[in-house]
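Asks: Please see the structure below; I have some questions.
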Amino acid sequence: MIAEFSFLAWYLGLSVPLYWALPATWPGLRRAFLVVVSILLLWMLSPFILAVVAFYALIVLGFGAAISAGVARKRLKSVSWGVFIPLVLVEFVPVDLLTSGLLGPRAIEIAGIRGFALLGLSYTAIRCFIMCRETIDGPRPTPFEAVSAFVFFGSFVAGPIAGAAPFRKPANQLSLDDALTGFARIGWGAAVFLVFRAAVAQADVTGWMGIDPQGTAAAWVETYRAFLVLYLDFAGYSEIAIGTALLFGVRMPENFRYPFLARSMQEFWQRWHLSLGAFIGTYLFKPLVRSYGKPTTAIFLAFVIVGLWHRFALPYFLWGIGHGAGLALGMYLRKRAALKTPAAAPRSPVMTVIENGAGWLFTMSYVAILSRFATSPDIGTAGRYILSLVGGGS
């Protein structure tokens, strides 16, 4: 992990000064410089990754050509969902081949790049989809904007997920505020990833607590710890990505808003992985509401699709069902409560604290269990994990 951050520091130390040294009157030259540097870095890490990115970039250009040729926009919107087909094909390739044979020896030394064969490919597919829709609905991204969105190293590994919009109007000069904020966020992200995440991941929590490492209590402790490690990993990368973008005058969308304060499933997804949430709302939930007329059905189907987007595997399919069902049930109960008690009597402060606390505990436990379940290597392991939470594990 230290080598991974050192690689980023080397990249920034060389490219940021050169980027801003280029004349502000030649914005195209700056964009070209950033694209070239990013492409060279991807080539150094793995020609396979660069080939995948080039494939998706050609798809975006193809949609632009189709629009210019007068192809019906409605038809192109339907075709745009085809960019996710390669995610299904990946499941038929052995993971060892993906993470070593195709990526190459340099890439597998960096954890985030090593994960490109699975989750990173999904991010690239979503970027492609968003830019295809930007091409269809406008404003159409320029080739520089599209390529920048695909290859920009800062957000390439783990997001935030965005189309070409952040690269349309980068700042003409690096303000002191952006520079300080960028370095601060990179530093904080590195601390979260290198220090806090490592400490939580390596801590012998069950030993400190004096509980049986094979017992039910240990299964719950490890569930919460695994989810905390996931958050620290993801949040650390996001902070580094957003800070890196600021150093090039690019403003990426935020990815987290204190998700551990969520007291309901709806609030959780208003705080967790915000760039993915924006994609779900814009391209899945709203169109499904228009099709079915029922928000509960729409949110359920949207998250089933998102589960399969993560990985075309049964544990993630059930992860999507779990999140979709939780959100749909929450919608139904809120609507029912609003109709049943339009002028509810004010609750006492004690009851408010109890309800908020119970909502927080349930939400955190529910999403942590679903997360651990989904990352199980197979459905058999996932089933044994669920049994271990109720004392049925071996």
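The values are calculated or read from the model by the stated rules, or taken from the named source; none is laboratory data. Bear in mind the structure is a predicted one, so any value in this text is a computation, not a measurement. Cβ sites come from the backbone with ideal geometry, for glycine too, and all protein chains shown count toward neighbours. Accessible surface areas use protein heavy atoms only, side chains included; no ligands, DNA or RNA. Shrake-Rupley method; radii C 1.70, N 1.55, O 1.52, S 1.80 Å.
Asks: Just want to confirm a number: the relative contact order over the range 249-331, from Cα pairs under 8 angstrom separated by 6+ residues, in percent.
Replies: Details: 95 pairs, mean separation 19.8, N = 83.
24 percent.
Asks: Still on this model: For the range 188-253, what is the Kirkwood hydrodynamic radius in Å, using each pair of distinct C-alpha atoms?
Replies: On the way: mean 1/r = 0.0753 Å⁻¹.
It is 13.3 Å.
Asks: Could you let me know the centre-to-centre spacing of the range 118-174 and the range 17-85, using Cα atoms, in angstrom?
Replies: Using only Cα atoms, the two centres lie 8 Å from each other.
Asks: Roll a 1.4 angstrom probe over the protein heavy atoms and tell me the percent of accessible area of the chain that is carbon or sulfur. Please report the intermediate quantities before stating the final value.
Replies: Numbers: 13380 of 19410 Å².
Reported share for carbon and sulfur atoms: 69 percent.
Asks: Can you give me the Rg/Rh ratio for the range 258-305, using Cα atoms for both radii and the Kirkwood formula for Rh? Mind dumping the intermediate values first?
Replies: Numbers: Rg = 11.2 Å, Rh = 11.1 Å.
Value, to two decimals: 1.01.
Asks: Quick one: net charge around residue 178, please, counting Lys, Arg +1 and Asp, Glu -1 for every other residue with C-beta under 12 Å from its C-beta. Spell out each step's value before the answer.
Replies: Details: positive: 185, 251; negative: 177.
Its environment carries a net charge of +1.
Asks: Next up: Can you tell me the relative contact order of the chain? Whole percent, Cα pairs under 8 Å, sequence separation 6 or more. Walk me through the numbers on the way to the answer.
Replies: Values: 483 pairs, mean separation 61.0, N = 394.
Taking the mean separation of contacting Cα pairs over the length of the chain, I get 15 percent.
Asks: Additional query: Give, in nm to one decimal, the length gained when the segment between residue 55 and residue 175 is fully stretched (0.36 nm per residue of separation minus the Cα-Cα distance).
Replies: On the way: separation 120, 0.36 × 120 = 43.20 nm, distance 3.57 nm.
Fully extending the segment from residue 55 to residue 175 adds 39.6 nm.
Asks: Further question on the same structure: Can you give the FRET efficiency for residue 11 and residue 195, using 1/(1 + (r/R0)^6), R0 = 22 Å, r = Cβ-Cβ distance, to the nearest 0.05? Let's see the in-between values first.
Replies: Details: r = 21 Å, r/R0 = 0.96.
Given R0 = 22 Å and the Cβ-Cβ separation, E is 0.55.
Asks: First check a/c for the range 263-394, with a ≥ b ≥ c the square roots of the eigenvalues of its C-alpha gyration tensor; if it is under 1.5, answer rounded, and if not, answer prolate when a/b is larger than b/c or oblate otherwise. Provide the component values of the computation, followed by the final result.
Replies: On the way: a/c = 2.26, a/b = 1.22, b/c = 1.85.
Verdict is oblate for the range 263-394.
Asks: Next up: Which residue fluctuates most in the GNM of the chain (Cα springs below 10 Å): 364, 265, 209?
Replies: For the chain, modelled as a Gaussian network with Cα springs under 10 Å, the answer is 209.
Asks: Give me the compactness ratio for the range 199-314, meaning the Cα radius of gyration over 2.2 N^0.38 Å. Before the final figure, lay out each step's value.
Replies: Working: Rg = 18.1 Å, N = 116, 2.2 N^0.38 = 13.4 Å.
Its radius of gyration relative to the 2.2 N^0.38 Å reference: 1.35.
Asks: Tell me the relative contact order for the range 133-194 as a rounded percent, counting alpha carbon contacts under 8 Å between residues six or more apart.
Replies: Values: 22 pairs, mean separation 16.6, N = 62.
It comes to 27 percent, rounded to a whole number.
Asks: How large is the translational diffusion coefficient of the range 252-335 in µm² per second when you combine the Kirkwood radius over alpha carbon pairs with Stokes-Einstein at 25 °C and 0.890 mPa s?
Replies: On the way: Rh = 13.0 Å.
Approximately 189 µm²/s, per Stokes-Einstein.
Asks: Pulled fully out, how much extra length does the chain show between residue 226 and residue 354, if you take 0.36 nm times their separation in residues and subtract their Cα-Cα distance? All intermediate terms of the calculation are to be shown ahead of the outcome.
Replies: Numbers: separation 128, 0.36 × 128 = 46.08 nm, distance 2.64 nm.
So the chain would gain 43.4 nm between residue 226 and residue 354.
Asks: Ordered by residue, what ³J(HN,Hα) values in Hz, to whole numbers, does the range 72-88 give under the Karplus form 6.51 cos²θ - 1.76 cosθ + 1.60, where θ = phi - 60° and Gly and Pro are x?
Replies: The phi angles translate into 4, 5, 4, 5, 5, 5, 5, 5, 4, 5, x, 5, 8, 4, x, 5, 6 Hz.
Asks: Hey, in the GNM for the chain with a 10 angstrom Cα cutoff, which one of 13, 236, 307 fluctuates hardest?
Replies: 13
Asks: When you count, for each residue, the other Cβ atoms within 10 Å and take the mean per peptide, how do 276-285, 195-204, 371-380, 245-254 rank with the highest first?
Replies: Details: 276-285: 17.6, 195-204: 13.6, 371-380: 16.1, 245-254: 20.8.
Put in order of decreasing packing, that is 245-254, 276-285, 371-380, 195-204.
Asks: Based on Cα coordinates alone, diagonalise the gyration tensor for the chain, multiply each eigenvalue by 5, take square roots, and list the semi-axes in whole Å, largest first.
Replies: Values: eigenvalues 256, 145, 102 Å².
Three semi-axes, in Å: 36, 27, 23.
Asks: Follow-up question, since we're still on this one. Averaged per residue, what accessible surface does the chain expose to a 1.4 Å probe, in Å²? Write down the numbers at each step before the final one.
Replies: Numbers: 19410 Å² over 394 residues.
Counting only protein heavy atoms, the per-residue value for the chain is 49 Å².
Asks: I would also like to ask the following. Considering the chain as a Gaussian network with a 10 Å cut-off on Cα pairs, which listed residue, 224, 316, 237, attains the greatest mean-square fluctuation?
Replies: 224
Asks: Quick one: Kirkwood hydrodynamic radius for the range 139-230, alpha-carbon pairs, angstrom, one decimal?
Replies: In the range 139-230 this quantity evaluates to 16.9 Å.
Asks: A follow-up question, please. Would you mind putting 125-131, 211-217, 27-33 in packing order, based on average other-beta-carbon counts within 10 Å, highest first? Numbers along the way, then the final one.
Replies: Working: 125-131: 24.4, 211-217: 13.0, 27-33: 16.0.
Peptide ranking by packing, descending: 125-131, 27-33, 211-217.
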